[in-house]
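Undergrad: Questions regarding the structure given below will be posed in turn.
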Amino acid sequence: MNKKSTNTVWHNATVTRERREKLNCHKSAILWFTGLSGSGKSTLAHSVEEKLHQMNCKTLVFDGDNVRQGLCGDLGFSDDDRKENLRRIGEMIKLFLDAGTISPAEFILPFNISASTLAYNFSL
């Protein structure tokens, strides 16, 4: 499933993450909220987003259930599908980092991995 395109080239834009952050008057960031189902991840992430929004920050919450209804709607819950779900989430969040947003992300991490390992794996 992780096949790399061989006929594409990354385009470096002139509007950079740094320029977007300057325009937004804040740095971009990911705020990871992990835990078991029903542990309050969504409530906490949305409360943090509300506070940041009131401070005029550019935000977007990444909700595990919402992502599974769209971007990852074709995936089940096998180990391979869960890994692909996390890979897609990481790639999506990297785009929002480049866009200059502060992104609370709340997901169940189905494997015994730390947030620092997750960030390393997604090259954040």
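A short reminder: the numbers here are calculations on the coordinates, not readings from a lab. Please read these numbers as outputs of a predicted model, since none were measured by experiment. Backbone-built Cβ (ideal geometry, glycine too); neighbour counts: all protein chains shown.
Undergrad: Determine the shape class of the chain: with a ≥ b ≥ c the square roots of the Cα gyration tensor eigenvalues, call it rounded for a/c under 1.5, and otherwise prolate if a/b is greater than b/c, oblate otherwise. Kindly include the intermediate steps, with their values, before the conclusion.
TA: Working: a/c = 2.05, a/b = 1.10, b/c = 1.86.
Because a/c hits 1.5 or more and a/b fails to exceed b/c, the chain counts as oblate.
Undergrad: Check Leu31: other-chain or 5+ apart residues with amide H under 5 Å from its amide H, H built from backbone geometry?
TA: Sorted by chain and number, the residues that satisfy this are Ser103, Ala105.
Undergrad: Another question, if that's okay. Suppose only helical runs count, i.e. DSSP H with n ≥ 4. What mean residue ellipticity at 222 nm does that imply for the chain under -39500 (n - 2.57) per run, divided by all residues and rounded to the nearest 500 deg cm²/dmol?
TA: Working: 5 runs with 55 residues, N = 124.
Helix contribution divided over all residues of the chain: -13500 deg cm²/dmol.
Undergrad: Which whole-number percent is the relative contact order of region 17-121 (Cα, under 8 Å, 6+ apart)? Display every interim value, and only then the final one.
TA: Working: 128 pairs, mean separation 49.2, N = 105.
Reported relative contact order: 47 percent.
Undergrad: Here's another thing I want to ask about it. Using DSSP, restrict attention to beta bridges with both residues in the chain and report what percent are antiparallel, rounded to the nearest 5. Before the final figure, lay out the partial values.
TA: On the way: 0 of 9 bridges.
Given both bridge residues lie in the chain, the antiparallel proportion sits at roughly 0 percent.
Undergrad: Here is a follow-up. Between Arg19 and Asn66, what length in nm is gained on full extension when 0.36 nm per residue of separation is reduced by their alpha carbon distance? It would help to have the intermediate numbers written out before the result.
TA: On the way: separation 47, 0.36 × 47 = 16.92 nm, distance 2.96 nm.
Length difference between fully extended and current span is 14.0 nm.
Undergrad: Would you mind classifying region 9-51 by shape? Square roots of the alpha carbon gyration tensor eigenvalues, ordered a ≥ b ≥ c; an a/c under 1.5 is rounded, otherwise it is prolate if a/b is larger than b/c and oblate if not. Walk me through the numbers on the way to the answer.
TA: Values: a/c = 4.95, a/b = 2.02, b/c = 2.45.
Since a/c reaches 1.5 but b/c is at least a/b, the shape of region 9-51 is classed as oblate.
Undergrad: Arrange the following residues from fewest to most other Cβ atoms within 10 Å of their Cβ: Ser37, Ser47, Ser28. Don't jump to the answer; show the numbers that get you there.
TA: Numbers: Ser37 8, Ser47 12, Ser28 20.
Ordered by Cβ neighbours within 10 Å, fewest first: Ser37, Ser47, Ser28.
Undergrad: A further question follows. Lys41: which aspartates and glutamates have alpha carbons under 17 Å from its alpha carbon, excluding same-chain residues fewer than 8 sequence positions away?
TA: Within reach: Glu49, Glu50, Asp63, Asp65, Glu106.
Undergrad: Can I ask one more? Going through the cross-link list Lys27/Lys51; Lys4/Lys94; Lys4/Lys27; Lys4/Lys58, which pairs have a Cα-Cα distance over 23 Å in this structure? It would help to have the intermediate numbers written out before the result.
TA: Numbers: Lys27/Lys51 16 Å; Lys4/Lys94 17 Å; Lys4/Lys27 30 Å; Lys4/Lys58 31 Å.
Those over the limit are Lys4/Lys27; Lys4/Lys58.
Undergrad: State whether region 37-100 is rounded, prolate or oblate according to the following rule on the C-alpha gyration tensor (a ≥ b ≥ c being the square roots of its eigenvalues): a/c under 1.5 gives rounded; otherwise a/b larger than b/c gives prolate, and the remaining case gives oblate. Don't skip to the answer; put the middle values down first.
TA: Details: a/c = 2.98, a/b = 1.58, b/c = 1.89.
Cα axes put region 37-100 in the oblate bin.
Undergrad: Right, next: Explain nothing, just compute: Karplus ³J(HN,Hα) = 6.51 cos²θ - 1.76 cosθ + 1.60, θ = phi - 60°, for every residue of region 66-73 in order, whole Hz, x for Gly and Pro.
TA: Running phi through 6.51 cos²θ - 1.76 cosθ + 1.60 with θ = phi - 60° gives 5, 5, 5, 8, x, 3, 10, x Hz.
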